[in-house]
Amino acid sequence: MYKNLSPGAIGIRNYGLVESLDLAQKTGFAGIDFDIREAAELARAHGAASVRDLFNSAGVRPGAWGLPVAWREDRWRDDLNALPELAEIGQSIGALRTQTWCPPSSDKPFDETFSWHVDRFGPIAEALLPFGVRFGIEFIGPQSLRPPERETFIYTLEGMLELTKTIGTGNVGLLLDAWHLYTSGGSLDDLDKITKADVVSVHVNDAPKGLAMAEYNDHDRRLPMETGVIDLPGFMAKLEAMGFDGPVTAEPFSQRVNQIEDPLEAAKLTASYMDQLWSASGLNA
């Protein structure tokens, strides 16, 4: 496992690949999430090797790239047609993980919604498969996003596993977030049901103190280890035991972090909490 920086997840906007690599290098992150479209533009202009050299020169690894397919919108087939070229760029620079999230409620019955998602995610996974790119899908846990007037959809680890297995391409797994595992009502024991082959990427966040489960707001989280509400060392121990070797990213959606105007300061603060997590989990820095 390695500490991975997602600038946008800590309120840093409009940072390109070069700036993000520099920020990760300065603050001790071993990887970054990035925009594959930007990487493709650089590769077209200067060659894929030059993009790979940017990572190598910084001593920073590719983490995951956000799925460049607007799969819930009408234009999704146009994006799908462009995906193989982008996936090939990812392959050429060693960036073999992409990810998205799945809403936990719908205005349609469960079975209809399930089939619709298989029909959307399946062709995406098939387009990625020849390039060795793995596709992580995040389940969303908080009860507040499953209002009674809507149909409940997938919001648990088990439910998302069923979806990934039904897609059946072999390159689809979980974007596993400790916050969503906790707010879904899941437990660390759930991780005993999966292997590293089921996990594409990982997010770590803590939760505010003193709230009932129904009160959690998805956009009000805490930095990992900030409150101790979520057993993150236990979470990391399960990942270590299964041999997960991918990116672990803080995504706190924290007002405290977002208010920091200096990107370097925000990244340093986030890194300090990730260091605490690594230390508490008995992992090598």
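Need the C-alpha centroid separation for the range 61-89 versus the range 9-23, integer Å.
20
If you split all Cα-Cα distances of the chain into 10 Å bins from zero, what percentages do you get per bin, shortest first?
6, 29, 36, 24, 4, 0
Per q in 0.15, 0.17, 0.20 Å⁻¹, report the Debye log10 I(q)/I(0) for the range 108-165, using one uniform scatterer on each alpha carbon and no solvent.
For the requested q values the scattering log ratios are -0.51, -0.63, -0.82.
Just to be sure I understand: of the beta bridges DSSP finds with both ends in the chain, what percent are antiparallel, rounded to 5?
Numbers: 3 of 29 bridges.
So the antiparallel bridges in the chain amount to around 10 percent.
Dipole of the chain, Cα-centred, from +1 at each Lys and Arg C-beta and -1 at each Asp and Glu C-beta, to the nearest 20 debye?
Working: 25 positive and 41 negative charges, 93 e Å.
With only Lys, Arg, Asp and Glu charged at Cβ, the dipole is about 440 debye.
Show which aspartates and glutamates lie in cross-link reach of K165 when reach means a straight Cα distance below 15 angstrom and same-chain residues fewer than eight apart are skipped.
D119, E126, E138, D198
For the chain, set up a Gaussian network in which alpha carbons nearer than 10 Å are linked by springs, and say which option among G186, G11, G210 fluctuates the most.
G210
Please compare each pair in K26/K268; K108/K193; K26/K238; K3/K26; K196/K268; K193/K238 to a cut-off of 18 Å on the Cα-Cα distance and tell me which ones are over it.
Table pairs above 18 Å Cα-Cα are K108/K193; K26/K238; K196/K268.
Which value results for Rg/Rh of the range 1-141 when Rg is the Cα radius of gyration and Rh the Kirkwood radius based on the inverse mean 1/r?
Taking Rh as the inverse mean 1/r over Cα pairs, Rg/Rh reads 1.00.
Find the eigenvalues of the gyration tensor of the Cα atoms of the range 36-86, then list the square roots of 5 times those eigenvalues as equivalent ellipsoid semi-axes, largest first, in whole angstrom.
Ellipsoid semi-axes (Å, largest first): 26, 13, 6.
Values quoted throughout were computed directly from the atomic coordinates according to the rules given, and no laboratory measurement underlies them. It should be emphasised that the depicted structure is a prediction, and the values quoted were computed from it without experimental measurement. With ideal geometry, Cβ positions are generated from the backbone for all residues, glycine too; neighbour counts draw on all protein chains shown.
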